[in-house]
1. How would 616, 10 line up from fewest to most surrounding beta-carbon atoms within 10 angstrom?
2. Given a Förster distance of 30 angstrom, what is the FRET efficiency for residue 404 paired with residue 447, based on the Cβ-Cβ distance and rounded to 0.05?
3. Taking Cα extents along the principal axes in Å straight from the coordinates, which label in [x] 119, 97, 60; [y] 80, 60, 53; [z] 70, 69, 67 is the correct one?
4. Classify the stretch 378-454 as rounded, prolate or oblate from the Cα gyration tensor: take a ≥ b ≥ c as the square roots of its eigenvalues, call it rounded if a/c is under 1.5, otherwise prolate when a/b beats b/c and oblate if not.
5. May I ask you to derive the FRET efficiency for residue 518 and residue 32 from their Cβ-Cβ distance with R0 = 60 Å, giving the value to the nearest 0.05?
6. Please check which bits of the stretch 1-44 a label hung off residue 239 would reach, taking the label as a point 7 Å along Cα-to-C-beta and the cut-off as backbone N under 16 Å.
7. Using 0.36 nm per residue, how much length does the chain from residue 252 to residue 54 gain when fully extended, once their Cα-Cα distance is taken away?
8. Going by the alpha-carbon gyration tensor, a ≥ b ≥ c the square roots of its eigenvalues, is the stretch 550-657 rounded (a/c under 1.5) or, if a/c is not under 1.5, prolate (a/b greater than b/c) versus oblate?
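Laboratory data are not the source of any read-out in this text; all were calculated from the coordinates shown. This structure is a prediction, so every number in the text was calculated from the model and none was measured. We place every Cβ from the backbone using ideal geometry, glycine too, and count neighbours over all the protein chains shown.
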């Protein structure tokens, strides 16, 4: 970014700002000033228009060729007025419904009826009690009767003459002041008016959204212009105007050409580390698709690297791991491709992201052997004559002899087959020839024979998740080293380099020794030398700017914090395996339940299909939700922490139309 400061004579300032807004490249530096009341009003109007558009956009819309000259702000005012009317009417309806519910069992007792009886000194009283509780003797003792029985309750009307009391074991109630017919009439009027307003809203949604957008655009342009004026400093007794802002370096020539034509005095300088510089991310087409995900957390600070290119491949891999079903991946890819042909320009990047997430899901689903909940690994294992023919040149004679009892026997799952082999050839021989047996065992489906042995079972997927975690953690620490070197110099990156080196040394030498790939005893001197070097970097270069004692103390504390933190971070990656396996199991369960309906003659296929659609629909939703949230958590918590991400940058927003 380049910082520009402009000095303009006050009479030429407005035309200059107009030209600058038309050019649309300068991010104006905001000055801490009170916002003008007119700007506050404009911002409020924009907010009201956004609410109106959001409200209308939810309604059924059709194409309309009709053009209207209605003012956008007047339309917002009318919408607010109608919305307030609906709110008031809905509140009234709550009370009205309660009164109707109270009056309905009694029928219509008009005020005239009450008045005529009052002239005869007769008062109407209303009682309610449970139907079982009503005592027929009450009718003999008092002038009363049941007018309605509803919901197990008896509704009683009694006529009291003068002061003669009516004493019955029932609850007396008071009817609404309005009659039932008046209440029902009012209810009908309100419902009719609500329907009219809903129709008006539908009409507005069809005819006036473009007007609202045009009005918002007009107000926004004016507001941006007023804000630019508000952030202008007046110098030399208000004769000279000072404006400052940022532009991307690649826009420098374009801006300076206009400034030279306008004969404007300006000063330009490159951004300093101390400056609060706006952020404009620069990524290729692939990485750009992941920018909205990174922005959910924060934009990077201007001094540090943008981590989007570094987390994008991991996020892609993690998503596919969590969904873990090739069938679902194909569905994502097909749906995104179909909708992309008709999608708006703003929606196409999201659909492109869904396409590549679909490809990742297809690949990771194929690795684990899951297609729409069907487990391709557990598809039957038989050592046939063809298997023996292929194994004859590979296996020793004693092994060939020992497997004779299980030749031709069918095993439903991989675990059953491996346990049977363990029983006849022993653990040592199984470790040597397990892959050969799996490769040559015949499946229930011939097309799987050539590649099924390559699929990873749950134990292997668990280890794969941990391996991915180790790779991302070490990669994140390496990124932190590069970031510190870029910002502060090489010495400041040595501590992070030491940590990356320590983890790599431990994995290569200790892991290699455990796997039998190398002898730790043979390379013991090199192992301790590299580990010691990493320790020196961590302890003595933890904070090169501080004293050696302070750096040493910080390094010791960093060893404790990083060692415990990395272990916790590593365990977090197990969630990738857990989500992937739970998705596969849930899909398998729905398949097993659905298949049972096929036993019903003639119509069994209908519940079979419906349950598959419903079950896999739920599974896809849950798997997709988890596959988005948990990789995002691994990115923002584990990876960002190990990469030393600071964030807090503000987005580059040029002053434009």
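1. Ordered from fewest to most neighbouring Cβ atoms within 10 Å, 616, 10 come out as 10, 616.
2. With R0 = 30 Å, the Cβ-Cβ based efficiency is 0.60.
3. For Cα extents along the principal axes in Å, the calculated option is [x].
4. Values: a/c = 1.55, a/b = 1.35, b/c = 1.15.
Prolate shape, in that a/c is at least 1.5 and a/b is the bigger ratio.
5. 0.45
6. Those under the cut-off are 7-13.
7. Values: separation 198, 0.36 × 198 = 71.28 nm, distance 3.80 nm.
Length difference between fully extended and current span is 67.5 nm.
8. Numbers: a/c = 10.84, a/b = 2.02, b/c = 5.37.
Oblate shape, in that a/c is at least 1.5 and b/c is the bigger or equal ratio.
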